[in-house]
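Worksheet: one structure, shown below.
The values are calculated or read from the model by the stated rules, or taken from the named source; none is laboratory data. Computed from a predicted structure; not experimentally measured. Cβ placement follows ideal geometry from the backbone for every residue including glycine, while neighbour counts extend to all protein chains displayed. To get the accessible areas, we keep the full protein, side chains included, count just its heavy atoms, and leave off ligands, DNA and RNA. Shrake-Rupley method; radii C 1.70, N 1.55, O 1.52, S 1.80 Å.
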Amino acid sequence: MRTLFVPLAVLAMAAPPAFSQVAQAAQAGPLHSQSSMSAPSGTAAARVQEPAGPLTLRSAVAMALQANPGLSSALREQEATEAAIVQAGAWPNPTLDAQLEDLRRDNRTTTLQLSQPIELGGKRAARVTAAERARDQAASALAGRRAEIRAATVTAFFDVLTAQERLRLAQDSVGLAQAATRAAANRVAAGKVSPLEETKARVAEAGIRVELMQAEGTLRSARQQLAALWGNPSPRFTQVDGAVDQLPTMASAQDIASRLADAPVVRQARLEVERRKALAELERARRIPDVTVSLGAKRVPASEGENGGSRRNQVVLGLSVPLPIFDTNRGNVAEALSREEKARDDLAAAELQLGTDVAQATERLRSAHATAETLQRDALPGAESAYKAATKGFELGKFSFLEALDAQRTLFQVRAQYLLALADAHRAAGELDRLLGNEGEAIPAATLTTATPAAR
């Protein structure tokens, strides 16, 4: 029987490296992309070390990029596409056929045959190209997700920073209201004003205490939203360190225009066009039928009187070619071409929508910039000067309580508007970074210094 398997051994050695690929895959173990060494793992959220004291923006961004669940999900998708490329490049498996004719020993015919499909028309190369485009999409999605998380962290950080300043402002307001109440009480005791003045002062103080409680709630909510970016529902940090009264840098029109072409949403849509194009090429290649080459051995009974009636071996060669009569893959080709055109339309729509969103975010940033600068330059100094003069005049009996209260309210209102403009500016800057895909490690200079009260 040894001579029966010689043709099979020859065919196995000449076949495509499907057998060696299986052995190499078994030895290589699970596939891991290079980026998995620096990206978050499934248990990264449990390993992140959130400081129990003050938190800087650099630390917040690092923790979010390390432990955000959405970033981990995008990494897993990229690893999956890397494995898909390996699978796309695999050769078809050979087929081993065994056939036995006539169960009677003297008349039995045994046939062993090894068949190997051979892909024609560049199907394997087209599959690999389509898988590579999907890998590029996954890598782009991972980069876009990193930029999105970084922008969200910066925005949430400044929300906390602004909420801290609002809380300080509310605390200062309570202190000033208490001083006004004491002054009114002293003047009532001295018989200089009616008790109605003291009642008005206490009502104003109660209203400011309500604003203080609201500011505390806003700060708690902002801290929770920031910590949620690295998967912590209960923030441990006590405060964030930064200078909220420093505005984000305005990007030039040339810089924005240069970054539009490589924005995450446009890059993703462009890669989708390339992937759909590769899939269309694959469907075209599938219109060409594959052939199957077979080689085997057949052991048949000897003819009567031949070799004393002993059995003999015969070599079996075969070629199988499908006839593309009924199924020419025409429908799949038409579908792939339509989806390619759809991807091109989606790319044009993404570019148009991106331009609109970037223009709106830029306008919001410019408006918030101008508002904050105007309030800081013109309104805040005058409001502070008027409040100090009214407070001192009220203590000396030169102004009524209503005049002092009006000056106090004006100052606090201007301060609140200033903080709101600062928050809007940082929010618009974060939105621009999210849209344009800012993945840089540079941290805004406003967060590298110790926090200073906003223009008191």
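Scan Thr181, Thr162, Thr199, Thr129 and give me the residue that is closer than 21 Å to Val244 by Cα and either out of contact with any strand residue (DSSP E or B) (no Cβ under 7 Å at 6 or more places or on another chain) or surrounded by 22 or more Cβ atoms within 10 Å (Cβ to Cβ) (or both).
Thr162
May I ask you to list the residues in the range 342-389 that are under 19 Å from Ala407 (Cβ atoms) and either touching a His at 6+ places or on another chain (Cβ under 8 Å) or basic (Lys, Arg) (or both)?
Lys388
Identify the single condition in (1) touching a His at 6+ places or on another chain (Cβ under 8 Å); (2) surrounded by fewer than 19 Cβ atoms within 10 Å (Cβ to Cβ) that Met213 does not satisfy, given that it satisfies every other one.
(1)
Would it be correct to say that Leu405 is of a type in the set (A, V, I, L, M), part of a helix (DSSP H, G or I) and closer than 23 Å to Thr199 by Cα? Steps first, answer last, please.
Numbers: of a type in the set (A, V, I, L, M): yes; part of a helix (DSSP H, G or I): yes; closer than 23 Å to Thr199 by Cα: yes.
Considered against the rule, which asks whether it is of a type in the set (A, V, I, L, M), part of a helix (DSSP H, G or I) and closer than 23 Å to Thr199 by Cα, Leu405 comes out as yes.
Of all residues in the range 167-178 being open to solvent by less than 50 Å² (accessible area, probe 1.4 Å) and under 9 Å from Leu212 (Cα atoms), which is modelled with the lowest pLDDT?
Per the criteria, the residue is Ser173.
Suppose we keep only residues that are hydrophobic (A, V, I, L, M, F, W, C) and open to solvent by 60 Å² or more (accessible area, probe 1.4 Å) within the range 262-294. Which one would you say is nearest to the chain's Cα centre (by Cα)?
Val265
Here are some residues: Leu402, Leu380. Which one is farther than 30 Å from Arg270 by Cα, open to solvent by less than 30 Å² (accessible area, probe 1.4 Å), at pLDDT below 90 and among the hydrophobic types (A, V, I, L, M, F, W, C)?
Going through Leu402, Leu380 in turn, just one is farther than 30 Å from Arg270 by Cα, open to solvent by less than 30 Å² (accessible area, probe 1.4 Å), at pLDDT below 90 and among the hydrophobic types (A, V, I, L, M, F, W, C): Leu380.
Kindly evaluate Ala204 against the criterion of being within 30 Å of Asp406 (Cβ to Cβ) and either open to solvent by 40 Å² or more (accessible area, probe 1.4 Å) or of a type in the set (Phe, Trp, Tyr) (or both).
When the stated conditions are applied, Ala204 does not pass them.
Mind checking which residues of the range 180-202 are of a type in the set (A, V, I, L, M, F, W, C), more than 17 Å from Thr410 (Cα to Cα) and assigned to a helix (DSSP H, G or I)? Spell out the reasoning first.
Taking the range 180-202 and keeping what is of a type in the set (A, V, I, L, M, F, W, C), we get 180, 183-185, 188-190, 193, 196, 201.
Now narrow it down to the ones that are more than 17 Å from Thr410 (Cα to Cα): 183-185, 188-190, 193, 196.
Selection gives Ala183, Ala184, Ala185, Val188, Ala189, Leu196.
So Gln66 passes all but one of these: (1) open to solvent by less than 20 Å² (accessible area, probe 1.4 Å); (2) in contact with a Pro (Cβ under 6 Å, 6 or more places away or on another chain). Which condition number does it fail?
(1)
Which residues, counting only those in the range 359-396, are among the acidic types (Asp, Glu) and touching a residue at least 40 places away in the same chain (Cβ under 8 Å)?
If the condition is that a residue be among the acidic types (Asp, Glu) and touching a residue at least 40 places away in the same chain (Cβ under 8 Å), then Glu373, Glu384, Glu395 are the ones that fit.
Which of the residues that make up the range 233-260 are open to solvent by less than 60 Å² (accessible area, probe 1.4 Å) and either closer than 19 Å to Thr56 by Cβ or assigned to a loop (DSSP other than H, G, I, E, B) (or both)?
Listed by number, the residues that qualify are Pro235, Phe237, Val240, Asp241, Gly242, Ala243, Val244, Asp245, Leu247, Pro248, Ala251, Ser252.
With Ala147, Ala138, Ala152 as the choices, which residue is open to solvent by less than 30 Å² (accessible area, probe 1.4 Å) and either at pLDDT 90 or above or under 30 Å from Met213 (Cα atoms) (or both)?
Working: Ala147 fails: either at pLDDT 90 or above or under 30 Å from Met213 (Cα atoms) (or both); Ala152 fails: open to solvent by less than 30 Å² (accessible area, probe 1.4 Å).
None of the other options fit; the residue is Ala138.
Look through Ala302, Ala343 and report the one residue that is open to solvent by less than 50 Å² (accessible area, probe 1.4 Å), farther than 26 Å from Trp91 by Cα and not in a helix (DSSP H, G or I).
Ala302
Which one of Leu420, Leu396 is of a type in the set (A, V, I, L, M), open to solvent by 50 Å² or more (accessible area, probe 1.4 Å) and either within 22 Å of Arg364 (Cβ to Cβ) or touching a Pro at 6+ places or on another chain (Cβ under 9 Å) (or both)?
Unique residue meeting the criteria: Leu420.
For the range 86-126, which positions are within 30 Å of Glu281 (Cβ to Cβ), charged (D, E, K, R) and either touching a Phe, Trp or Tyr at 6+ places or on another chain (Cβ under 7 Å) or open to solvent by 30 Å² or more (accessible area, probe 1.4 Å) (or both)? Lay out the reasoning, then the answer.
If we filter the range 86-126 for residues that are within 30 Å of Glu281 (Cβ to Cβ), which is where we start, we get 86-95, 115-126.
From what is left, the residues that are charged (D, E, K, R) are 119, 123-124.
Listed by number, the residues that qualify are Glu119, Arg124.
Please specify each residue of the range 125-145 satisfying the condition of being in contact with a helix residue (DSSP H, G or I) (Cβ under 6 Å, 6 or more places away or on another chain) and closer than 19 Å to Pro92 by Cα.
Within the range 125-145, Ala126, Arg127, Val128, Thr129, Ala130, Ala131 qualify.
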